[in-house]
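One structure is given below, encoded as structure tokens.
The values are calculated or read from the model by the stated rules, or taken from the named source; none is laboratory data. As the structure is a prediction and not an experimental result, all values here were calculated from the model. Here the Cβ is made from the backbone with ideal geometry for all residues, glycine too, and neighbour counts use every protein chain on show.
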Amino acid sequence: MRASARYVHQWQQRNSQLMHHHGWERHTHHISRLISQRRHSSSEKESGSSDQPTAKRQAQENVHHGQRLVDHYSWMQQSGITPDVRSYVDQETRLMATLMQETQSFQSQILKQLEEFKNIYKTNEMPIVMNGTVYFRRSDGDSWQYYRRRSSVKSNGGAAAEHILDTAMLTEMYGHPVALATMKISPDQKYMAFVVETTAADTYDAHIIDMGKDGVVFVDRLNHILSVEFAHHGVMYYTRMKGLRAAQVWRHQIGQNVSKDKMVVEELDERFFLDLSHTKDRLYVTVNHNSATTSEVRLLDSRHPDPSLPAPVVPRQAGVQYFVEHSQGVLYILTNAGDEEYRLVAVPVSDDGCLKSLRWADCCTVFTPMSSWHILDMDVFTDHCVLCAAEGTVPRIVVIPLDSWKQPNSVKVPENFCWLTSGPNATCTATDFQFSLSSPVQPATNCHLAIGNKRHPKVVLGTGRDGKVKEDSGVFIKGSPKEKVCTRLEAVSKDGTHVPVTVFHRHDIRFSSDNPMLVCSYGAYGVSLDMSYDPHTALLVELGWVVAYCHVRGGSDLGVQWHHSGRALNKIKGIEDLEACIATLQLAGYSQPTITALRGVSAGGLVVAALCNRAPQLIKAAVLEVPFVDVLSTMLDHGLPLTQQEIQEWGDPLHDATAFDCIKSYCPYQNITCQDYPAMLITTSLDDSRVPAWIPLKYAAQLRHMTSSSCPTQISLYVWVREGSGHFGQWGDFDTSEQAAVQTAFLYKSMGLNTN
């Protein structure tokens, strides 16, 4: 039960871990020579031309808290793609094609290199093991996933794999490609549910199949849902959407018409959304009410065919978050109650099994992390609790025997790994803990932790598709590829706060400021900067780039307090952190402004765009993917579907003058001026329901207007408008590779790097 922000689901992360570390050094020479560079000053920017895209300007004036706010592009916020919006999009699309035409050959080289990576460095996904049966999936190379199962036996032969589903069947059903979001298996292993993203714009259906003896049969379909969870007796629960918010939980009896489904609970507070999970022992289905800073959990008795709605485990309290597991009659709760950071507490279930609301004073503390640690996740087994944690930004594991809370075992992992992901771990009686380790340049390594050894938990590397532990291949011991270096350093922000930075580069670079550098940042919603394997990052490092990850405030990179210190009225802190990180990296000789680029996605694009307003002299280029760059207009409009949920992150400028002043002071759109901006690549999708296209489009239009003929130099601006893809992009590996190729070509072109 990962403690994460409301929008970020593990199954929505598009950059899947596709590669396994094997023979890296033998395949690194193809385009490494492309790194030769040339310098050029800001006066060498692409000159403006008469055919620069122009959007109509139509002033709309509003007054908030006595301040006059004029917006010349608010007309873009009309629903649908109006002719004026289409005209502007077409202009930007034509210019983008013209500007990138000369890079086509280079893009092809990048695509070829990425494909070689994918063919060489493949990672087997961790299988799901349930009571001796193993579930896994394979790809046929066309992004169609095949789910299979076979019996787990001790002999090497094993039972033959049984085919369960070819997802091409779903494509035929919908008449267009669809993406599998998640998969769930019923406790008796009779049913399997697939949640399918039917479009790239956050629309989901669930399909339930019967895996009985007579073959696989589709038995039910639930439309416009988000999450599902199985109970016993052929019962399942699912969430229904209101706009973009999961607001209701319904009960469904498999095989019955959905018209007979019963609503279990509705969340009326628009700041909260609902999510479903289950305890590992399958005794309870958990109904999780989550906002940005507060949570509440109810436990539905999974054994009862139609349980009444119980009271919350602990009634919601502002600022308190918690997550619940169960083992052997005891509730184990991960919570930040009474402290900024998460700790593990426990409380017995009453003898009669009746679940009544608790007070935090009723709970016993099991584990409190050290001051430099923070807890990320927990897995509760019959005899052990495993906590995924971090010491600073370095992953750690803690194993707690449930019969002796006072003897936790801390397990270190090699510090060149930056990302620890808990595996399926579907069996509560298991004595091995599945997890994977990776870094942006290190493909995921699947591992097992032998938690049955109470004194010295032992890490074993590798699992096959049959769920069996492989012999140690040595990768875990060797760590990252020899030519890739992971360095951790700190920058001192404006207020004296030490901000961690994780840097990747080749071992043979010189610290003479001659290296092109890409700086990545996020800093919002309490979401840690994604440090899992990324083929694009690995390729850039191979080509001689320095890639730096700045763990600015607003994320949870250093825990809950790190989020709180960078949200709402403190949002400017994350921007100041990023500025300090870039300056520190350049001072250390990693790069210099003329060959430094920034990349931010979604809310991370806000931090990057704000930095471009605040200190454009620090960078040469910026990539803003689906950027949330007009936070003020968005938060002033309470009619938008996500505004209520966003208030705890950004503040309420409509009703709070202090919040209005704060947001207005850093909002990228509101602070565009006539100055020498870095080159920018802005991406958006006409089908994005989270950061609607009008936000990046009006930002681009205002940039063009404010840096037009009245400015000494005109901005070099690339706007990539995509159709048929939502906030998280289109589906499939090629889409990810195409984006990487375009971004790489833009960076080389904008910074004057040699591509010949």
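Condition check for residue 268 on (1) touching a residue at least 24 places away in the same chain (Cβ under 8 Å); (2) over 22 Å from residue 388 (Cα atoms): one failure, at (1). Looking at segment 220-240, which of its residues are under 27 Å from the mean Cα position of the chain (by Cα) and surrounded by fewer than 18 Cβ atoms within 10 Å (Cβ to Cβ)? Once the filter is applied, which keeps residues that are under 27 Å from the mean Cα position of the chain (by Cα) and surrounded by fewer than 18 Cβ atoms within 10 Å (Cβ to Cβ), segment 220-240 yields 223, 224. Residue 106 satisfies every condition listed in (1) of a type outside the set (Val, Ile, Thr); (2) outside any loop (DSSP other than H, G, I, E, B); (3) modelled with pLDDT under 95; (4) touching a Ser or Thr at 6+ places or on another chain (Cβ under 6 Å) except (3). Cβ-Cβ contacts under 6 Å between residues 6 or more apart (or on different chains), taken from a first residue in segment 415-431 that is at positive phi to a second residue that is part of a loop (DSSP other than H, G, I, E, B) and β-branched (Val, Ile, Thr), are absent.
Rundown of residues vs (1) modelled with pLDDT under 95; (2) β-branched (Val, Ile, Thr); (3) closer than 21 Å to residue 718 by Cβ; (4) out of contact with any Ser or Thr (no Cβ under 7 Å at 6 or more places or on another chain), yes/no style:
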| site | (1), (2), (3), (4) |
| --- | --- |
| 609 | no, no, yes, yes |
| 612 | no, no, yes, yes |
| 622 | no, no, yes, yes |
| 629 | no, yes, yes, yes |
| 640 | yes, no, no, no |
| 644 | yes, no, no, yes |
| 651 | no, no, no, yes |
| 656 | no, no, no, yes |
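Of everything in segment 542-593 that is out of contact with any Phe, Trp or Tyr (no Cβ under 7 Å at 6 or more places or on another chain) and on the phi > 0 side of the Ramachandran plot, the residue that is surrounded by the fewest Cβ atoms within 10 Å (Cβ to Cβ) is 544. Flag set for residue 195, criterion: touching a Ser or Thr at 6+ places or on another chain (Cβ under 6 Å) and at pLDDT 85 or above. Of the set (1) crowded, with 16+ Cβ neighbours inside 10 Å; (2) in contact with a strand residue (DSSP E or B) (Cβ under 6 Å, 6 or more places away or on another chain); (3) modelled with pLDDT of 85 or more; (4) not aromatic (Phe, Trp, Tyr), all apply to residue 165 but (3).
Residue check: residue 277 meets all listed conditions (1) in a strand (DSSP E or B); (2) touching a helix residue (DSSP H, G or I) at 6+ places or on another chain (Cβ under 7 Å); (3) small (Gly, Ala, Ser) but one, namely (2).
One line per residue, one yes/no per condition, for (1) closer than 30 Å to residue 503 by Cα; (2) modelled with pLDDT of 95 or more:
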site	(1), (2)
346	no, yes
349	no, no
354	no, no
374	yes, yes
388	yes, yes
401	no, no
404	no, no
407	no, no
411	yes, no
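Say whether the condition of being free of Cβ contacts under 8 Å to residues at least 60 places away in the same chain and assigned to a loop (DSSP other than H, G, I, E, B) is met by at least one residue in segment 679-691. For segment 679-691, residues free of Cβ contacts under 8 Å to residues at least 60 places away in the same chain and assigned to a loop (DSSP other than H, G, I, E, B): absent. Could we say that residue 656 is surrounded by fewer than 24 Cβ atoms within 10 Å (Cβ to Cβ) and in contact (Cβ under 8 Å) with a residue 40 or more places away in the chain here? Judged against the criteria, residue 656 is not a match. Would you please name the residue that is modelled with the highest pLDDT, looking only at residues in segment 177-192 that are part of a loop (DSSP other than H, G, I, E, B) and touching a Gly at 6+ places or on another chain (Cβ under 9 Å)? Per the stated criteria, the residue is 186.
Scanning segment 684-714 for residues that are crowded, with 23+ Cβ neighbours inside 10 Å and of a type in the set (Lys, Arg) turns up just one, 698. Restricting segment 246-263 to residues that are touching a Phe, Trp or Tyr at 6+ places or on another chain (Cβ under 8 Å) and either at positive phi or crowded, with 21+ Cβ neighbours inside 10 Å (or both) leaves a set whose member that is modelled with the lowest pLDDT is 246.
Within segment 203-219, the presence of at least one residue that is of a type outside the set (Lys, Arg), in a loop (DSSP other than H, G, I, E, B) and at pLDDT 80 or above is confirmed. If the condition is being closer than 18 Å to residue 722 by Cβ and of a type in the set (Phe, Trp, Tyr), then segment 66-108 contributes only 88. A count restricted to segment 309-346 and to residues that are of a type in the set (D, E, K, R) and without any contact (Cβ under 8 Å) to a residue 60 or more places away in the chain stands at 3. Restricting 26, 94, 68 to residues that are of a type in the set (Lys, Arg), at pLDDT 50 or above, exposed (fewer than 11 other Cβ atoms within 10 Å of the Cβ) and not in a loop (DSSP other than H, G, I, E, B) narrows the list to 68.
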